[in-house]
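Asks: Provided herewith is a single structure, encoded as structure tokens, for subsequent inquiry.
The values are calculated or read from the model by the stated rules, or taken from the named source; none is laboratory data. Here the structure is a predicted model, which is why all the values come from computation and not from measurement. Don't worry about glycine lacking a Cβ; one is built from the backbone with ideal geometry, like all the others, and counts go over all protein chains shown.
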Amino acid sequence: PHADSGYTLVSEQEGALSISMQNSTAGHVQPGVAQRLGDFWLWLQDNDGESALRRLPEWFRDRGQVVPADRPAWVPRVTLYSFHPGGSIGSSWQDWGGFAPSTAQLPRIAELGCNTLWLLPLEDRSPYHPRDYYKFMDGIGTGDEYRRLVNTAKALKLRVWQDIVPHGGSNTYPRAIEHPEWLAQEEDGSTLSYWCFDFNWPEWIDYMKDVARHYVRDYGIDGYRMDACSGSKINNWNPAIPYARASMARSQGGLAMQRAIREGVREHNAEGSTLAEAGNGIFGVTSDAIYDFAMCYSVFPAMRAAEPTQFVANFRRWLHEQQYGNVPDLVTLRHIESHDSLRAEWQYGPAPMRAALAVSAWIKGMPMIYQDAEDGHGPVIKKIFALRNGLYEQDAPSVDYLAVTTAPGVFACLRQAELPTRPDGAFAWEQRGGWRASVALVNFNPTETACPVVLPLSALPATLRQEKSCRDLWSGQVLPLRPSADGQALETNLSLPPFGLAMLRLGSSELPPMPPARLAAAPRLLPYELSLIDSIGKAQALNDALNNNGEFRHRVQGHEWSISQKRLADGALQITASAPADLKEPSGLLLRLPIATGESCDWLAQAAAGVWEDRFRTRHPHFDGSARNIYHHLQGGNVLWNSLQNPFGFSDKEARLAFRSAKGSLELAFAPDALPALACILDRVDDDHVPHVFLRWGVGDDAIGNAVRSFTFTLRQATPFAATPAAGGTGDPHLLPMAGGWRFD
């Protein structure tokens, strides 16, 4: 009840430690009025640092800093998908179309392996600008449509968290004008224009508690992600505050508001819960889960600058210290991106992004996919989440981040738990109970890495110390286990590709349910339609002319395009396309795949930085894209993949696009010395919702990419898609894709 934010600084001096404990207490001093600041604690132990660290949970429990006793059992198991029904932040919330189109997306989200939805704020006026908490923002749909979305989610076993914004929005909104006392005041009596309400004002707390009740009661949601809920933005210097001092609007207000919202949820849903957008562990006492801001904004970005060996060593140690130095059994959101951050793929590249996601899913906490981040990564994400959701030990309250020894630059952690005698639910695939242990391995090296794995017997349950083998659940391979030379550990060996993954399991050789296999393609070429889009935007069909004559020439406004086709010895078609050198207007080739409505089709792109692969879908059927300053690049349009952001490599293996359906397959392999200036996979052209590939020359006043007048590619049946998308190779042994960049040796 006396909480103010504070911090402790410790510095080592010669023969001594300097300890400074500071807090942000502020308020009016009044004659005869005492202020209780609360307690300051210093625990001195006759111990080494590691032993002292491991005893910290004792202090948390002794002081009552523990997670809610009634936290629902499903919360530690959350695998989160975050979206706004209107669309992503990069499209100004417009590219998904509202409740009804979003409801149609839910089966796909469930297939990814997500089990919980976080819907960004729905209320008028717009996300994070709550003008009317009881009215939906314009353009996203009706209450009945939202209720159908929630009911559909429940039928798919998806729980629903809705965003709630207790900072109140603007000081110009009607409730702020009607109740100016609810606003936090500066010392001169002024108020903020945004994030302006006092989290600790009792009537405002009651107001937000009623809002929390409303959506749980009337729409059946399972709780809230509470936005920016660590407290008021400023101290409240209003002399009439109904609490002890100005600074209690902040941390104390955050605790009070979080507690009230959670109570409002639980009144109507005994299994309801809350996720607090707050990073300080103390908030894990009042909320069911909190944020791990450091992982998203500091830890993973560090892999762009640090060598993998140092990054992984620091990362494992940080996780270890974080686990013991926080509220015991705390659940945190382990996101690698959100609507507030840069896209993880753009920061790190495709393979490092998947490696980061795997770690976030296989350590303690809640992994998350943010709206459309799955595109190009679906098969890998499904596999990562299948292991997270299907292994009983993934629910263990603690993780051993240090016991396992393996190759430098390879992340490892150990999880273990005793499975009930008769496993049920998500674990019914297990044939028997007993102890299980899993070792997650994630290679952050940009090269293939030989991984000796050493498991100390002291870190394993007694029943697993005599195991003779383990199974890598990622590859399906069974690996022998042997005693170490000193008899104190079990050892095995495996090799991981660049940014590759493994999950070694002891105690069971069965494989958990895994995502469906990729589409099996008939051994024939998929039909396609090829056109020239000339400088005045007219489409010129090419198939007949090329098949009959092997060449097509087209003239308009004094300019001539030349397209030639040659059949190679293996039956493939080699196409060379040339544009006029003096052309000022853009032009290109458009390839269309006439996939029937409802027909499944997989797509693949392989470039210097790696491989992208997924099931084809039209992501934004009614939106043509926009750019916002959070991303800069165009968002929400029809470009599924492009070679400007993801440049092709130096061999045709690293410069290809491919498609596969049950009816056949088609691959475009580009000549590395004659690449187009731009290659795009489009998920629609206007209202034609089938796969397209657009290839552009780099000539004209608005030329993009390299100055390319001619390019060459080959059409053939697609080579088999790899079981797991590779980290990729550039085609030049001296050039390696790294996390967030390139290394040239």
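Asks: Would region 533-545 turn up any residue that is assigned to a strand (DSSP E or B), buried (at least 16 other Cβ atoms within 10 Å of the Cβ) and among the hydroxyl-bearing types (Ser, Thr, Tyr)?
Replies: no
Asks: Could you list, in sequence order, the residues of region 145-194 that are farther than 16 Å from Lys135 by Cα and among the acidic types (Asp, Glu)?
Replies: Matches in region 145-194: Glu178, Glu181, Glu186, Glu187, Asp188.
Asks: Let me ask something else about it. Given the conditions (1) assigned to a helix (DSSP H, G or I); (2) more than 11 Å from the chain's Cα centre (by Cα), report the number of the one that Pro408 does not fulfil.
Replies: (1)
Asks: I've got another one for you. Out of the residues in region 361-385 that are touching a Gly at 6+ places or on another chain (Cβ under 8 Å) and aliphatic (A, V, I, L, M), which is nearest to Trp474 (Cα to Cα)?
Replies: Selected residue: Ile384.
Asks: Would you check if there is a residue in region 324-344 being under 10 Å from the mean Cα position of the chain (by Cα), closer than 24 Å to Gly281 by Cα and either in a helix (DSSP H, G or I) or aromatic (Phe, Trp, Tyr) (or both)?
Replies: No, region 324-344 contains no residue that is under 10 Å from the mean Cα position of the chain (by Cα), closer than 24 Å to Gly281 by Cα and either in a helix (DSSP H, G or I) or aromatic (Phe, Trp, Tyr) (or both).
Asks: Which of the residues that make up region 39-93 are at pLDDT 95 or above, outside any helix (DSSP H, G or I) and hydroxyl-bearing (Ser, Thr, Tyr)?
Replies: Within region 39-93, Thr79, Tyr81, Ser82 qualify.
Asks: Evaluate region 200-216: report whether one residue or more is of a type in the set (Lys, Arg), surrounded by fewer than 19 Cβ atoms within 10 Å (Cβ to Cβ) and either at pLDDT 95 or above or under 31 Å from the mean Cα position of the chain (by Cα) (or both).
Replies: yes
Asks: Can you go through Glu599, Glu560 and tell me which one is touching a strand residue (DSSP E or B) at 6+ places or on another chain (Cβ under 7 Å), more than 30 Å from Thr730 (Cβ to Cβ) and not in a strand (DSSP E or B)?
Replies: Glu599
Asks: Considering each of Asp138, Asp163, Asp95 in turn, give the residue that is crowded, with 20+ Cβ neighbours inside 10 Å, farther than 22 Å from Arg213 by Cα and either in contact with a Cys (Cβ under 7 Å, 6 or more places away or on another chain) or acidic (Asp, Glu) (or both).
Replies: Asp95
Asks: Here is a further query. Based on this model, can you work out whether Thr724 counts as crowded, with 17+ Cβ neighbours inside 10 Å and at pLDDT below 95?
Replies: Taking the combined requirement at face value, the residue satisfies it.
Asks: In addition: Please determine whether any residue of region 482-490 is buried (at least 20 other Cβ atoms within 10 Å of the Cβ), part of a strand (DSSP E or B), in contact with a Pro (Cβ under 7 Å, 6 or more places away or on another chain) and not basic (Lys, Arg).
Replies: yes
Asks: Just for region 412-432: of the residues that are in contact with a helix residue (DSSP H, G or I) (Cβ under 9 Å, 6 or more places away or on another chain) and farther than 27 Å from Gly500 by Cα, which one is modelled with the lowest pLDDT?
Replies: Taking the candidates together, the pick is Pro423.
Asks: Would you confirm whether or not region 441-448 contains a residue that is of a type in the set (Ser, Thr, Tyr) and either exposed (fewer than 13 other Cβ atoms within 10 Å of the Cβ) or free of Cβ contacts under 8 Å to residues at least 40 places away in the same chain (or both)?
Replies: No, there is no match, as no residue in region 441-448 is of a type in the set (Ser, Thr, Tyr) and either exposed (fewer than 13 other Cβ atoms within 10 Å of the Cβ) or free of Cβ contacts under 8 Å to residues at least 40 places away in the same chain (or both).
Asks: So which residues in region 362-399 are among the basic types (Lys, Arg) and under 30 Å from Ala605 (Cβ atoms)?
Replies: Listed by number, the residues that qualify are Lys382, Lys383, Arg388.
Residues checked against (1) at pLDDT 95 or above; (2) under 44 Å from the mean Cα position of the chain (by Cα):
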{"residue": "Ala517", "(1), (2)": "no, yes"}
{"residue": "Ala520", "(1), (2)": "no, yes"}
{"residue": "Leu526", "(1), (2)": "yes, yes"}
{"residue": "Glu529", "(1), (2)": "yes, yes"}
{"residue": "Asn548", "(1), (2)": "no, no"}
{"residue": "Gly558", "(1), (2)": "no, no"}
{"residue": "Ala579", "(1), (2)": "no, yes"}
{"residue": "Leu583", "(1), (2)": "no, yes"}
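Asks: Take region 41-63 and flag every residue that is closer than 13 Å to Gln323 by Cα and in contact (Cβ under 8 Å) with a residue 60 or more places away in the chain.
Replies: Once the filter is applied, which keeps residues that are closer than 13 Å to Gln323 by Cα and in contact (Cβ under 8 Å) with a residue 60 or more places away in the chain, region 41-63 yields Leu53, Arg54, Leu56, Pro57, Phe60.
Asks: Another question, then. Only one residue in Asp48, Asp124, Asp132, Asp138 is out of contact with any strand residue (DSSP E or B) (no Cβ under 6 Å at 6 or more places or on another chain) and either of a type in the set (Lys, Arg) or farther than 20 Å from His620 by Cα (or both). Which one?
Replies: None of the other options fit; the residue is Asp48.
Asks: I've got another one for you. Checking Val399 against (1) surrounded by fewer than 22 Cβ atoms within 10 Å (Cβ to Cβ); (2) within 20 Å of the chain's Cα centre (by Cα), only one condition comes out false. Which one?
Replies: For Val399, the failing item is (2).
Asks: State the number of residues belonging to region 262-303 that are free of Cβ contacts under 8 Å to residues at least 12 places away in the same chain, part of a loop (DSSP other than H, G, I, E, B) and within 25 Å of the chain's Cα centre (by Cα).
Replies: Of the residues in that region, 0 qualify.
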